1. Can you tell me which of Thr55, Thr64 is under 20 Å from Ser9 (Cα atoms) and surrounded by 15 or more Cβ atoms within 10 Å (Cβ to Cβ)?
2. When you scan the range 27-44, how many residues do you find that are more than 22 Å from the chain's Cα centre (by Cα) and either of a type in the set (S, T, N, Q) or surrounded by fewer than 12 Cβ atoms within 10 Å (Cβ to Cβ) (or both)?
3. Which one is nearest to Arg68 (Cα to Cα), of the residues in the range 16-37 that are among the β-branched types (Val, Ile, Thr) and modelled with pLDDT of 95 or more?
4. Got a number for residues in the range 1-24 being open to solvent by less than 80 Å² (accessible area, probe 1.4 Å) and charged (D, E, K, R)?
Amino acid sequence: MNDFWENASPLYKRVVLLGMALLGIGLILNITANLAHVMWLLYGSMAMIGLGLVTHLVGLGIRTRDARRRLRAQKPPKTR
């Protein structure tokens, strides 16, 4: 059975993986900053988490665009 990841565009895969990586790095930096009480690292990690969330949302937009294109390609043109 085909799942979405197999049929996803390479751009979508790259953007989603980048977003997840940024979120993961941001979370690790956030935990480290809280344990070490380093404020500048805490603010940087929050920015990293925000960037990861925005990147992930861009990936969702790309997925929606790809799905619409796929549906448009399957539908026959309307006749009047």
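The values are calculated or read from the model by the stated rules, or taken from the named source; none is laboratory data. Here the structure is a predicted model, which means the values were calculated and not measured. With ideal geometry, Cβ positions are generated from the backbone for all residues, glycine too; neighbour counts draw on all protein chains shown. With ligands, DNA and RNA removed, areas are computed over all heavy atoms of the protein, side chains included. Shrake-Rupley method; radii C 1.70, N 1.55, O 1.52, S 1.80 Å.
1. One residue alone meets the criteria, Thr55.
2. Residues meeting the conditions: 7.
3. Ile25
4. Going through the range 1-24 one residue at a time, the tally reaches 2.
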